[in-house]
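Below is one structure; the comments refer to it alone.
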Amino acid sequence: MATINVFARWRPLSQPEAKRGELNRKTLSDRPPLLAVSMQPQAPAEGRSWTSSPAFHAVFEPEDDNHKVYNDVIAPNIPKVLRGENCSVFAYGHSGSGKTHTILGYDYDQNSQKLGLCLAAAKQLFDALYDLNEKRRGEEELGIGLSLFELRKKSAFDLLNHHNQCHIREGPDGKVHIRGETEILAGGKVRVRPIVQRLCWTFESFQQELVQALSQRTTGVSTVHDQSSRTHAVIELEVINQSLIDARQALFDRQSELVPVGKRATDIRIEEESKAYMQLADGRWGPNPDYQINQERIDMAEAEKAQYEAHVTAAEQKIEAILEANAFPCLGAKMVFVDLAGAEFYDDNGTTRPQTTRQTPQERQEGRQINTDLLALKEVMGAWSQGQKRIPFRSSTLTMALREHFMSAGKGNSTIIVTISPATDQYKATLNSLKYASLVGAARV
Ligand SMILES: Nc1ncnc2c1ncn2[C@@H]1O[C@H](COP(=O)(O)OP(=O)(O)OP(=O)(O)O)[C@@H](O)[C@H]1O
């Protein structure tokens, strides 16, 4: 069974929140090793007391900084990545509860205790790769490939490529591809660029790429604050070497060459078959006695297509061979960090809370879309952690885009950190987030 580790993180109160009051809360350890959270708002009018199921591996307090969270949650995964396992980390919580603070951080100084989990992981991975590169000097150098995109409505936007809009499609191979605009090149070649992956050989270059790309992230007005991330940000770190990158480029070239050849074969078949039919006097369609299908022409086009398909297969096999032959099992291993867009909290009658008046109708619509995505993610996590055969990946763009991580995480694990606010006036939103996380946690046990 796949593993999902669930953590909760209380953030500190802001000054205005502190004036309005803090809810009463406790961490319960009646069923170790998992913890439960119990809480109660200050005023009974704000809601009843509630206790979660034992679902949390740890509960972080407001005074715990990113460094502490990193050491307890992410650091144990680094040796697994070095063994070739994948690992994904999601931050879930209502708007303003601290997801971006946790995953990306707002202080990018590499010695800061506030460094976000993603940068802290990259730092530790680069240190480990440096040691490996030193130990095996004859081998190709290992580095980290960085991809960074945000998901909004039905599209992905590549933050390493001028916020280019990309489409998320399932290919005939069942794999999900995130691809940009189609470019038509000389000789009828067609190229559809995948999401950009920047090759970084040092932590400093990685940090520079990431920080620059993050400045392009979309923010907007949420129910809680007006600098809210209105998209899900997905940051992928992959252990790479130059041969792997070259082999992937070669595959991409062979796929581009196949597109016009495949299209020509299809066009020829359609042309031949349509010439062999004609409209009869009564208006119906029937065989054309004056035309004999040119089977040789179709076969030649199909043979050419098969030849190009074989080039693609050979390029795919080369990638597999590079991964298998490498002295380091970590080549190709991935860490994925997802800063989910803030869940919006709506009252039972479907309206937002009073402070939402600044949201435009479009922002409210986006808020609802975000909630739909998050619900789909919960369903996928539940099905995945229970080892179900049918996992409902197709139910949202978010789950489609993350499909590969869940599929390949059979040999890895997933972590969800639910970020929560102790402000008494955010009780209902906090309750919602904890219920979500404890359902994911409970699905696992
Ligand atoms: N654990 C924490 N320690 C210190 N400050 C925090 C913490 N968590 C959040 N904050 C601060 O609270 C504010 C809101 O946090 P953040 O932007 O991370 O929220 P968010 O959950 O990403 O919101 P949204 O989903 O709307 O983008 C920021 O100023 C952030 O620095």
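Summary table
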item: Set of lysines with alpha-carbon distance to residue 114 below 27 Å, sequence-local pairs under 8 removed; result: 19, 26, 68, 80, 99, 123, 334
item: Longest DSSP-loop-exposure-free segment, GluC sites (Glu not before Pro), the chain, at most 14 other Cβ within 10 Å; result: 142-445
item: Surface accessible to a 1.4 Å probe, residue 308 within the full protein complex, Å²; result: 60
item: Förster-model FRET efficiency, 56 Å R0, residue 303 and residue 72, C-beta, rounded to 0.05; result: 0.40
item: Cross-link reach list, aspartates and glutamates versus residue 318, counting only Cα pairs under 13 Å and skipping chain neighbours closer than eight places; result: 246
item: Helix-only mean residue ellipticity at 222 nm for the chain, each DSSP H run of n ≥ 4 adding -39500 (n - 2.57), per residue, nearest 500; result: -12500 deg cm²/dmol
item: Selected from 330, 433, 301, residue furthest toward positive end of dipole (the chain; charges at beta carbon); result: 433
item: Longest site-free stretch - the chain; sites: trypsin sites (Lys or Arg not before Pro), DSSP loop, at most 15 other Cβ within 10 Å; result: 285-388
item: Surface accessible to a 1.4 Å probe, per residue, for the residues of the chain, Å²; result: 48
item: Protein accessible area in region 250-322, 1.4 Å probe - carbon and sulfur %; result: 55
item: Max mean-square fluctuation residue, GNM over the chain, Cα-Cα springs under 10 Å, options 342, 174, 283; result: 283
item: For the chain, size of Cβ-based charge dipole, Lys and Arg +1, Asp and Glu -1, in debye; result: 1260
item: Options 84, 66, 101, ranked by Cα towards positive dipole end of region 62-101, top entry (Cβ charges); result: 84
item: Within region 250-322: Cβ-based charge dipole about Cα centre, in debye rounded to nearest 20 (Lys, Arg +1; Asp, Glu -1); result: 120
item: FRET efficiency estimate (nearest 0.05) - Cβ-Cβ, residue 165 to residue 106, R0 22 angstrom; result: 0.25
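The values are calculated or read from the model by the stated rules, or taken from the named source; none is laboratory data. Everything quoted here is computed from the prediction, not taken from an experiment. Quick reminder, even Gly has a Cβ in these numbers, built from the backbone with ideal geometry, and neighbours come from all protein chains shown. These accessible areas exclude ligands, DNA and RNA; they are computed on the full protein's heavy atoms, side chains included. Shrake-Rupley method; radii C 1.70, N 1.55, O 1.52, S 1.80 Å.
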